[in-house]
Every structure is written in C-alpha cells, then in structure tokens.
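This report concerns only the one structure given below.
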C-alpha cells in the first residue's frame, strides 16, 4: 500500500572516480530514508493503521533502463499497466487490462502527467482520443530524462531537480519521437500518423506502435499481465520500460516491477438479486469505476422532465457555483443530469468543462426525456474520470433512479431545474467494474 509514497531518486552516477560514485549513491539512499518524514508521507501514513515509528524500510537499488543521447538518458518508452481495467468503455472489458505509456522516464505516468492510456487487449480503441481536439489536449507534450555529466552538482531532496523536463522538440532531435509521434496538420484539422509530415505540431499518439505494429507492445503487455496474474493468483500491476539499441536495432522490453494491485483496486462483485431495493436510489447496468464510495452527502441534479433542451447552457454557471462552494468546504458530491455531461452540443447535454464539475465523486448520465442518445460513458471526460477515480454511471433500459426520493428533500440551492440537496447521512456508491454494474444506497 506504500508504493509511490516515499522518494525515488534517479541519478546518472557517471563520475569517472569510483569513490565519488559511491558517495553519490549513499547520498541518494539517505534522501530516500529521509522521505519517510516528508509531510506527504506522514499524512499518508496517518490515514492508514500504520505508524511511522513502526515502519521498517528497505531501499531498493535498481539499474535505470534507458539509453544516452545528447547528454541525457531515458528509455524510448516507459509506463505502467494493470491486468484489470476499472473503466472499460464498451466494447472493452475489465479483463482487457489498462496501460499508461509515455516517452521518457516513467515518472511521467507515476506522477499523473499527460500520457496515453490504452487497453492491451484492444489497443486500437483509444477513448482518450475521441476527437482531434481531445488528442491535442490530452497527449504528452514533455518528457523526463536524467542529465549526464552533472556529478559535481549536489543532489536535491526534490526528485524533479535531479532530472530535466524537456519538450517534444528535444525528443525529435534525439531521434526518439518517430517511434511514437504523429503530426497535427493545421490546415486540414487532422492528425497524420508520421512525424515526417509538415504543417503543424508533433503529437504523441503511439500510432506507429499501436496502429502500425512497429513494435508488438500491446501483445507483450497482454501476455505479461495475464501470465503474472496467473502466477500470483491476483490482479496485478507492472512497471516497464522499452529501449532500442541504436546500432543493432535490438529491442529490449524490461519488467521493472510486478506487484499485486492495491486491495481497493481488486474486483468488487455486486449480486443485484441480493440488493436491498428499499434502500437503493440508483441501480445501473452500465457503469465505470470500481470500489466503494461512502462519503457523499450532497447531490446536485437536474431532472430531465424539467429541462428545456434548448437552454442547457444557462445551467452551467449554476453548476459551477455549486461545485465551487462544495469544493471550498471539502464536500464531494453526486452529480446527476440528462444527456451527456460536457457535450459540445448544448442540445445533447449540459455543456460544462471539467473544471466546473471537478468536485464530483460520482457522475450519472440519465436519458433525455424527448430524444434517444447513445450513452457517452464519460468519453468527454474520460482522462479525468480515470485519473481521479470518478465513478461514472449511465442509466439505460431497465435501470432505476429514484427522482421522487430526491425531489422529496428540501434543496439547499434551486435554480430552475437544477437542485442541490444535502443529506443527513452519506450515500454508499458501490461500483463493480467486472460486470459494469453500480448501485447507490441511502
């Protein structure tokens, strides 16, 4: 449970003298031990049954997988992958797994910066890139590397100050971008799967690998995840890196870590037949996310029967104001509304940006009263809901949502069809990623 809590220091350690390299290594080890007393680590431990005094720590020393080019050292590709995907937008399934990849050091992925997410089981279905605009907004624009030849510079306790953060121009200069890059052709408003094209900026799409199979990365990950899960008899996650020998062209896939997934990430299994329906306010058969959310005492919702579909944009300011108030008070909430949240077409849903609803812990799409829409399943906000572990529920067919119960509670705020209610006791949201089911209990 403490993976990623304490410091990781990546150092070149390339001094010509052995005693200097040894001293540098000792310095890095001390910084890792000292990180147990960092504010963030102490806060994390305080939220668990453990105590810092009881901690027994070992420091792992690992060779960094990469190749040097132009005075910087980094792998061609790095990332992390899980054998279970808790956000499997149809037709993906949980068992297809999920991978997050980047160019450069894997810190890009571990620290939640821009990267590419795809399913090793179905690598060509990249919901993160549902539009050209989304591709430009969510794709990687910089990368991390280790600077070489700086052995005289003291190590910093700030991990990032021992590294360099560079742009895609440097990756292209290093000859590394062609493997994962594309070009946005401004005149045509389209992305071409090559960095040889002219007419616009480079975009990290991994298309040469995932679409054109220059390297069978998805197949390798799918194999490693399934075999590792079988051996450990548990859902697992791995960290990995890939390098290419520039002289021989030999490709090396390195497995850096394999570990069981955190307990809260392991499958939840809902038996709908055993649900106490007298307590259920939502029963959903098309949901994204996994686990239990039990700290929601506020609901912000819009009843589809009271919505004027031609005036949905009028509600965005009200939604934003309620969100800002609740966030300032540390109150997460359940957000419910008709159509597609974040739709660029106001007639198909509420055209909010992510910043206007970022305090929501779970989001629900309900059918509009007068037109049929294919469910978006959060594709407008897919990157955000995955990054922040947001539950995303889409009400369809025989699913149930008890608007009568919601309407029976006096509102804290009411702006036309938009209502905010505060509950006396928290709701319980249970998300089952394997069967894509969810329930909300009062």
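So which of 68, 63 ends up being surrounded by fewer than 16 Cβ atoms within 10 Å (Cβ to Cβ), part of a strand (DSSP E or B) and modelled with pLDDT of 70 or more?
Unique residue meeting the criteria: 68.
Determine, yes or no, whether residue 320 is in a helix (DSSP H, G or I) and either touching a helix residue (DSSP H, G or I) at 6+ places or on another chain (Cβ under 6 Å) or within 21 Å of residue 439 (Cα to Cα) (or both).
Yes; evaluated as a whole, the condition is true for this residue.
Is it true that some residue in the stretch 221-228 is within 28 Å of residue 64 (Cα to Cα), surrounded by fewer than 20 Cβ atoms within 10 Å (Cβ to Cβ) and without any contact (Cβ under 8 Å) to a residue 12 or more places away in the chain?
Within the stretch 221-228, one or more residues are within 28 Å of residue 64 (Cα to Cα), surrounded by fewer than 20 Cβ atoms within 10 Å (Cβ to Cβ) and without any contact (Cβ under 8 Å) to a residue 12 or more places away in the chain.
Please enumerate the residues belonging to the stretch 11-25 that are touching a residue at least 60 places away in the same chain (Cβ under 8 Å) and over 38 Å from the mean Cα position of the chain (by Cα).
Matches in the stretch 11-25: 20 only.
Do we have residue 351 as within 12 Å of residue 396 (Cα to Cα), assigned by TED's automatic domain parsing to the domain that holds residue 399 and either under 22 Å from the mean Cα position of the chain (by Cα) or modelled with pLDDT of 90 or more (or both) here?
no
Conditions tested, residue by residue: (1) part of a helix (DSSP H, G or I); (2) closer than 20 Å to residue 412 by Cβ.
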{"site": "228", "(1), (2)": "yes, no"}
{"site": "313", "(1), (2)": "yes, no"}
{"site": "330", "(1), (2)": "no, yes"}
{"site": "343", "(1), (2)": "no, no"}
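Residues in the stretch 397-412: is at least one assigned by TED's automatic domain parsing to the domain that holds residue 289, closer than 17 Å to residue 349 by Cβ, at pLDDT 95 or above and surrounded by 15 or more Cβ atoms within 10 Å (Cβ to Cβ)?
yes
Could you pull out the residue among 293, 302, 244 that is under 21 Å from residue 367 (Cβ atoms), surrounded by 16 or more Cβ atoms within 10 Å (Cβ to Cβ) and modelled with pLDDT of 85 or more?
302
So residue 305 ticks every box in (1) closer than 16 Å to residue 406 by Cβ; (2) in contact with a strand residue (DSSP E or B) (Cβ under 8 Å, 6 or more places away or on another chain) but one. Which box is left unticked?
(2)
Filter the stretch 309-323 down to residues that are within 14 Å of residue 349 (Cα to Cα), in contact (Cβ under 8 Å) with a residue 40 or more places away in the chain and either surrounded by fewer than 21 Cβ atoms within 10 Å (Cβ to Cβ) or under 27 Å from the mean Cα position of the chain (by Cα) (or both), then give me how many there are.
Residues in the stretch 309-323 being within 14 Å of residue 349 (Cα to Cα), in contact (Cβ under 8 Å) with a residue 40 or more places away in the chain and either surrounded by fewer than 21 Cβ atoms within 10 Å (Cβ to Cβ) or under 27 Å from the mean Cα position of the chain (by Cα) (or both): 4 in total.
How many residues does the stretch 108-131 contain that are touching a helix residue (DSSP H, G or I) at 6+ places or on another chain (Cβ under 9 Å) and assigned to a helix (DSSP H, G or I)?
Qualifying residue count, the stretch 108-131: 3.
Among the residues of the stretch 230-251, write down those that are without any contact (Cβ under 8 Å) to a residue 40 or more places away in the chain and either under 22 Å from residue 126 (Cα atoms) or outside any strand (DSSP E or B) (or both).
230, 231, 232, 233, 234, 247, 248, 249, 250, listed by residue number.
Out of curiosity, is residue 134 assigned to a helix (DSSP H, G or I) and out of contact with any strand residue (DSSP E or B) (no Cβ under 9 Å at 6 or more places or on another chain)?
Answer is yes for this residue.
From the residues in the stretch 164-204 that are assigned to a loop (DSSP other than H, G, I, E, B) and in contact with a helix residue (DSSP H, G or I) (Cβ under 7 Å, 6 or more places away or on another chain), which one is modelled with the highest pLDDT?
180
Identify the residue in the stretch 72-91 that is touching a helix residue (DSSP H, G or I) at 6+ places or on another chain (Cβ under 8 Å) and assigned to a loop (DSSP other than H, G, I, E, B) and, among all such residues, is surrounded by the fewest Cβ atoms within 10 Å (Cβ to Cβ).
89
Give the stretch 148-165 a look and list any residue that's crowded, with 16+ Cβ neighbours inside 10 Å and more than 18 Å from residue 22 (Cα to Cα), or say none.
Hits for the stretch 148-165 are 159, 163, 164.
Among (1) touching a helix residue (DSSP H, G or I) at 6+ places or on another chain (Cβ under 9 Å); (2) assigned to a strand (DSSP E or B); (3) surrounded by fewer than 21 Cβ atoms within 10 Å (Cβ to Cβ), which single condition is residue 254 missing?
Here residue 254 clears every test but (1).
The values are calculated or read from the model by the stated rules, or taken from the named source; none is laboratory data. Bear in mind the structure is a predicted one, so any value in this text is a computation, not a measurement. So basically every Cβ, Gly included, is an ideal-geometry build from the backbone, and we count neighbours across all protein chains shown.
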